[in-house]
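Engineer: Pasting a structure here, questions to come.
The values are calculated or read from the model by the stated rules, or taken from the named source; none is laboratory data. Since this is a predicted model, take the numbers as computed values, not measurements. All Cβ positions, glycine included, derive from the backbone under ideal geometry; neighbour counts span all protein chains shown.
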Amino acid sequence: MKLKRLHLAKNQFALTVFFVLMIFVFGMVVDIWAGPPPVQGRRNPSRAFQGHHGQGFMGKGICPQIRTTAQAPDTIRKQRNPLKKSPDLLYAGESLFQVDVQPTACKICHGVTGNGLGIMAQGLNPPPRNFTCRETMKTISDGQLFWIIRNGSPGTGMPAFKNLKDREIWLIVHYLRKLSEPKR
Ligand code: HEC
């Protein structure tokens, strides 16, 4: 009798271990099934909680924004982004925007969420563009975004990024577009 009881306890223990393991396995399967994260390291589209270099300020930002930015020449302004959008490209664009662009990553002024409230935005007049503001962003063409990134906006805080390759700028443009899309 005693032996039998011990046997049962052992079985229960094995069963418990089995269930706990299954919970982990389930978690892993779900994680793989969800696919690659569309943004670095997390599925949350805003990397709001990333502290690297300061995150600036959260919130919606100024919307709509008054734009006094010079217009790109017609030939450039009418260009559409030649790169086909994909999660990989968005990831690359985000990396540039958030971290890699030299000398100053875009997020320092435009904010980690793209709301225009980066750590260096204070005191800039006009303020950095709020890429999350659909109302404003839908009036700006791909080519216009490209042109300003390459040449800057003279007389404002927006610097020229002459060292970026065409492809890198188009990657960033894809990412900027994503910022004004409705969040999942
Ligand atoms: C030092 C601060 C600063 C940094 C760094 C910066 N920006 Fe800006 N950006 C601004 C400001 C200020 C404006 C507003 C300019 C204006 O109103 O004409 C602006 C405007 C823009 C616009 C608006 C163009 C338009 O036609 O409305 C785009 C696009 C842009 N920035 C992209 C970028 C990208 C991409 C990066 C990184 C590669 C970047 N910016 C880095 C300050 C910055």
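Engineer: Looking only at residues that are modelled with pLDDT under 95 and among the charged types (D, E, K, R) in segment 95-129, which one is nearest to residue 57 (Cα to Cα)?
Structural biologist: The extreme case among them is 107.
Engineer: Conditions: (1) surrounded by 15 or more Cβ atoms within 10 Å (Cβ to Cβ); (2) within 13 Å of the ligand (Cβ to nearest atom); (3) not hydroxyl-bearing (Ser, Thr, Tyr). Residue 123 meets all but one. Number of the miss?
Structural biologist: Answer for residue 123: the failing condition is (1).
Engineer: Taking segment 131-168 on its own, how many of its residues are more than 25 Å from residue 182 (Cα to Cα), of a type in the set (Phe, Trp, Tyr) and assigned to a helix (DSSP H, G or I)?
Structural biologist: 1
Engineer: Also: Kindly provide the set of residues from segment 83-105 that are assigned to a loop (DSSP other than H, G, I, E, B) and either in contact with a Lys or Arg (Cβ under 9 Å, 6 or more places away or on another chain) or within 14 Å of the ligand (Cβ to nearest atom) (or both), ordered by number.
Structural biologist: The answer is 83, 85, 101, 102, 103, 104, 105.
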